[in-house]
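This report concerns only the one structure given below.
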Amino acid sequence: MNWRKLSKKLWLRTTDNQMELNDNRADALKEIINIGVGRAASTLNELLSSHIVLHVPSVNIYRESEFLESIKSDDSEKLSTVHLHFQGNLAGIALMAFPPGMAANLVAAVTEDDFDLIDFDSVRIATLCEIGNIILNGVTGSFANLLEQRLYYSLPQYREDCIDNMLLSAGNDPDDLIVVMQAHFSTEELSIEGDIMVLFEVTSFDSLFSIVDNFIDSI
Amino acid sequence: MQGKDSEVKLFSAFDYVPFGVFIIDSAFTVLFWNRCLEEWTGVARSEIENNHIGDHYPHFNKKIYANRIEGIFEFGPPLIFSSQLHRHLIPSPMENGNLRIQQTTVTSIPSLDNKEAYALFAIHDVTDETRRIMDYRKMRDRAITEVEERKKAEDALKKSEEKFSLHVQQTPLGVIRWNTDFVVTAWNPAAEKIFGYADKEAIGKDARQIIIPLSKSKEAGKVWSELIENKESTLRRSENVTKDGRTILCEWHNTPLIDNSGKVIAVASFVQNVTDQVEAEELIKRNHLEEEILNYLLSLSLEDISYNELLDRCLDEILSIPFIPLKSSGAIFVVEKEGEILRMISHRGLGARLLELCKEDLPFDQCLCGRAIADEETVFTDCNNDRHNIRYEEIKPHAHYCIPIKSKKEVLGVINLYLDEGAKRDENDIEFLETIAATLAGILERRKIEEALRQAKEVAEEANRLKDKFVSLVSHDLKNPIYRIAGYLDLIEASQQISDQGKDMIEEGKIACNDMTSLINEILNMNRIRGGIMHPNYSFVHADKIAQQAIRNYAILAREKGITLKSSLPSDFRLYGDKRLILEVFRNLISNGVKFCNRGDSIDIYIPQGESSVIAVSDTGIGIEKSRMEALFKYDEKSSTRGTSDEGGSGLGLPLSHDIMISHYGDLTVSSSPANGTTFYMNFPHIKPSIMIVDDDESMRDLLKGRLEKMDVSFIEAGNGEEAIQCLERALPHLIFIDTHMPGMSGLELLERLRNIPDTEKTPVIVVSVDKSMEAMDGFTQLGADDFIEKTFDKDELSSIVSRFIC
């Protein structure tokens, strides 16, 4: 499935195959993520010396099997992703996917390189990793803070592949939950704009809602 | 502290890793600085450990680092500082002076007691890798550019080939490729159109099998061999044959195709069918030649050559027509004896026997020429058949065109031309030969008329000459006795033994003698003027002086009749004409006035108001009847009217005066009515004297002009002799001033030129010089200079000189 179809499909199926989230939890989850994304945007602003706008219009939760089913397609295209694994009370994988072309444009813009990058060599990969790392760290860090427990992280890694492959190869349980966050990334100075996706797969339904309920209580 | 020491010991394992490692705590105090960093930075651990990292590396104080690293101290996720965005996190110079390019990860490590998190910075030197990547990018970009350029070139070549292929398919030129054995390997649609063979029929075939006529096969092979051997392009026309058997003329551009080793591998030909083009060219050429021939014949008619020579040259021209297959034999016969016989006037290439037989006048019914005349149509025969009346043994086989020469009114002759036996009748050739015959008819008719005119002219000239001689002799013979009579009358009058009555008779006799003399002179002048013998000698003259001279001639007669005779002409009134002839006119008009005035009348000569070149001779006499006005200036039917005192006259004076005025490019008109007098108007053309000044010094020219401007003259200026000659082509001056010394042509050389030009041979020339000595002016005098003046241009002297020549 290509990026556009995927995004649209996820938008349309916000109420289908979705775990039951009451409104409070849904708002809380969104708030948690917005806090992290906001922090990430601020860091990115300083790093890239340009005003980055990261807006998260939707956050949804799926079971992995259902998510994979919904995104299953014969023409899945490869995406540029940065992901890291985490373990602890909340375990899983945080994955950030850039739409085709945006990754190259973003790297080209921040490095003042040619806009029609042909390949992604290790230098460019490292740059994208840093950008993805900042956003992922914002989200995972936000969850970790609320959990008030330590999580153990792997180093962020770059991968080009289809999302379903990435999730499947992680050896996860089909019942694992996937928090799917679609964010709109834009920067006027660098003339980059597009939708990015952050997937947050968690193994424990209870742990996630515990985090969310704690957050609700704290406010 | 002990714990920290233990930690440092633990950290010392990082001294053995090949990358830079340093560890800081949440206060940014350096807890560990590994050996690799010591080597890279030259900063010993003793210098930096236990100090704020910002002391050595102030950028760590910036928010961009502080904020990001903050999470690490809370056991947050690792950080990446990419080499692209953070090239030199810990600046580390290499041996060549460049700084190492660094890729850094920051991970959270717990303290020994697990209570706090430290930030472990792992810094990898990716300088070489980055350089390799950059080099690779350059090579790749170069390769991509080369590939793109090559692709562009290939695309361009492909497009060009496509265009060329389209061109080959669509061009109206036949495009044929051959191998070296003269076999077709490529054949375009135009070639099919020209020769009729489709490409499948032609490809693989030898040219000699399909498009070379059999008779030309050997020659074509030779041409082919030369083409391959010489390896040079050729352009030639040759006959080819089409599929349906037609012979056409084609123009071939053949180009041998040569490979890199210099060997001919194929031949490419462009071919077009030029049959129609060549025919059109031949037609144009023929039309042009026909025009030239006709023009030549017409030009012969204008030449001053005899009739026989004219026909000889016409016959020569006809026999040399290149596009009609005539033999070099022929003749022109003309009709004579009121259209009843033919006579041979011109002949070429005819045998003696034939000349013998044809030399006599031939009746119309004889032979082919006679038939052409009788029928007034071209006769053609392709052999010596029985239509030939004139035949003899040795006669060679031949064919004939016999073309009648006919005008609109009659047949004037016949042109007899020979061709080879068996020649085909060609209507185009006949058409042209008939055009020649018609042209010849026009020439012959014109010759006749010219001959008649010439004879008439000779007769008239002889008659005129006889008349002039007669007039001259007669007038001489008439005048002498009259002079004698007048002389004797004077003698008789002088004797004192004459009675009064006798004196009256003598006076009458003398008057009669004068009248006779006047009549004879008038007849002579009339003859001279009408015959063009008398040529006016134009110059600027004072009209009043001439008028006064004429008045003096008639003063006595006027006084005796009681008529007042005067001139009111201004003394400076100037005319351009012949003094003698103007005097003659004045005399005639005054004489007329005196004749037709009564006592108390007056005759006045004046300039009418508002006129500048008209002189009126007006009397208050009896006037002229209207019925006589029309014939007043005509010579024919002349009968003189008797005067108021019964004076007679020849009646020739007024016509003669009119002729004189016409010869002056003017006119003589009259205004009169009975009892109201008569006014004759001498209308002269207004001519302003023109003075040419030739001097290279403009200021001198201006000075001379200034001196002369009050004389009502116009000026022509020239700065040198050549310019002066050029000015003469546009206008002729009445007086010329020339400077002696000028660049280029000198004044002397200019004067010589002027005296050699008929129009300026007699024009007065005044030489202007600083030296008027005789030695200096000698050359000018010999060449006919009229006067000299110094450059001071003395006013009086100048005025005097100019007045002499232009009044």
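For chain B, what does the helix formula give at 222 nm: sum of -39500 (n - 2.57) over DSSP H segments with n ≥ 4, over the residue count, nearest 500 deg cm²/dmol?
-14500 deg cm²/dmol
Once you treat every alpha carbon in the stretch B:75-152 as an equal point and sum by Debye, what is log10 I(q)/I(0) at q = 0.25 Å⁻¹?
These q points yield log10 I(q)/I(0) values of -1.07.
For residue B:27 and residue B:154, FRET efficiency with R0 = 60 Å and r from the beta-carbon atoms, rounded to 0.05?
Efficiency, rounded to the nearest 0.05: 0.35.
Semi-axes, largest first, in whole Å: what does sqrt of 5 times each Cα gyration tensor eigenvalue give for the stretch B:205-297?
In descending order, the three semi-axes are 34, 17, 11 Å.
What value does chain B have for Rg/Rh, both radii from Cα atoms and Rh as Kirkwood defines it?
1.41
Given contacts defined as C-alpha pairs under 8 Å and at least six residues apart, what's the relative contact order of the stretch B:709-758, whole-number percent?
Averaging sequence separation for qualifying contacts and normalising by length gives 33 percent for the stretch B:709-758.
Stick to the Cα atoms of the stretch B:242-384, pair each with every other, and give me the Kirkwood hydrodynamic radius in Å at one decimal.
It works out to 20.1 Å.
What aspartates and glutamates does residue B:9 reach when the alpha-carbon gap must be under 20 Å and sequence neighbours fewer than 8 apart in one chain are set aside?
List returned: B:25, B:38, B:39, B:47, B:49, B:113, B:116.
For a footprinting-style exposure proxy, rank B:187, B:224 by other Cβ within 10 Å, fewest first.
B:224, B:187
Can you classify the stretch B:435-500 as rounded, prolate or oblate using the Cα gyration tensor, where a ≥ b ≥ c are the square roots of its eigenvalues, rounded means a/c under 1.5, and otherwise it's prolate if a/b beats b/c and oblate if not?
prolate
Order of B:727, B:358 from fewest to most other C-beta atoms within 10 Å?
Least crowded to most crowded, the residues run B:727, B:358.
Quick check: convex hull over the Cα atoms of the stretch B:548-604, volume per residue in Å³, rounded to an integer?
Cα-based convex hull of the stretch B:548-604, divided per residue, equals 68 Å³.
If you wrap a convex hull around the alpha carbons of the stretch B:396-550, what volume per residue comes out, as a whole number of Å³?
For the stretch B:396-550, the hull spanned by Cα atoms encloses 245 Å³ per residue.
For the pair residue B:756/residue B:446, report the inter-label distance in nm, with labels modelled 7 Å from Cα in the Cβ direction.
Result: 3.7 nm between the two label points.
Counting partner chain Cβ atoms within 10 Å of every residue's Cβ in A:129-140, what's the average?
4
With a Cα-only, solvent-free Debye model of the stretch B:110-200, what are the log10 I(q)/I(0) values at q = 0.15, 0.18, 0.19, 0.26 Å⁻¹?
Those come out to -0.80, -0.93, -0.96, -1.18, one per q.
Quote the convex hull volume per residue of the stretch B:99-250, based on C-alpha atoms, as a whole number of Å³.
234 Å³
Looking at this model, which pairs from B:285/B:409; B:406/B:448; B:545/B:688; B:595/B:626; B:579/B:795 are more than 26 angstrom apart at the alpha-carbon?
B:285/B:409; B:579/B:795, as the Cα separations exceed 26 Å there.
To the nearest 20 debye, what charge dipole does the stretch B:83-232 have about its Cα centre, counting +1 at the Cβ of each Lys and Arg and -1 at the Cβ of each Asp and Glu?
Computed charge dipole of the stretch B:83-232: roughly 400 debye.
Between residue B:626 and residue B:696, what length comes free when the chain is fully extended (0.36 nm per residue of separation minus the Cα-Cα distance, one decimal in nm)?
Between residue B:626 and residue B:696, full extension yields an extra 19.1 nm.
Roughly speaking, what is the centre-to-centre gap between the stretch B:721-771 and the stretch B:204-245 when only Cα atoms are used, to the nearest Å?
If you average the Cα positions of each part, the centres end up 75 Å apart.
Per 10 Å bin, what percent of the C-alpha pairs of the stretch B:596-719 does each bin hold, from zero upward?
Taking all Cα pairs of the stretch B:596-719, the binned fractions are 11, 30, 24, 13, 12, 9, 2 percent.
Partner chain Cβ atoms within 10 Å, averaged over the residues of B:81-88 - can you pull that number for me?
6
Over the stretch B:98-142, what lengths in whole Å, largest first, do the semi-axes of the equivalent ellipsoid take, defined as the square roots of 5 times the eigenvalues of the alpha-carbon gyration tensor?
Working through the eigenvalues yields semi-axes of 37, 9, 5 Å.
Restricting to the protein assembly as shown, what percent of DSSP beta bridges are antiparallel, rounded to 5?
Taking every DSSP beta bridge with both residues in the protein assembly as shown, the antiparallel ones total about 85 percent.
Can you work out D for the protein assembly as shown in µm² s⁻¹ from Stokes-Einstein, where Rh is the Kirkwood radius over C-alpha pairs, the temperature is 4 °C and the viscosity is 1.567 mPa s?
28 µm²/s
Give me the compactness ratio for the stretch B:728-807, meaning the Cα radius of gyration over 2.2 N^0.38 Å.
1.06
First measure r as the distance between the Cβ atoms of residue B:46 and residue B:135, then evaluate 1/(1 + (r/R0)^6) with R0 = 25 Å and state the FRET efficiency to the nearest 0.05.
Result of the calculation: an efficiency of 0.05.
How would you rank B:112-118, B:170-176, highest first, on the average number of other Cβ atoms within 10 Å across their residues?
B:170-176, B:112-118
Bear in mind these aren't lab numbers, they're just calculated from the coordinates by the rules spelled out. Note that this is a predicted model, so its numbers are computed, not measured. Ideal geometry is used to build each Cβ from the backbone, glycine not excepted, and the neighbour counts take in all protein chains shown.
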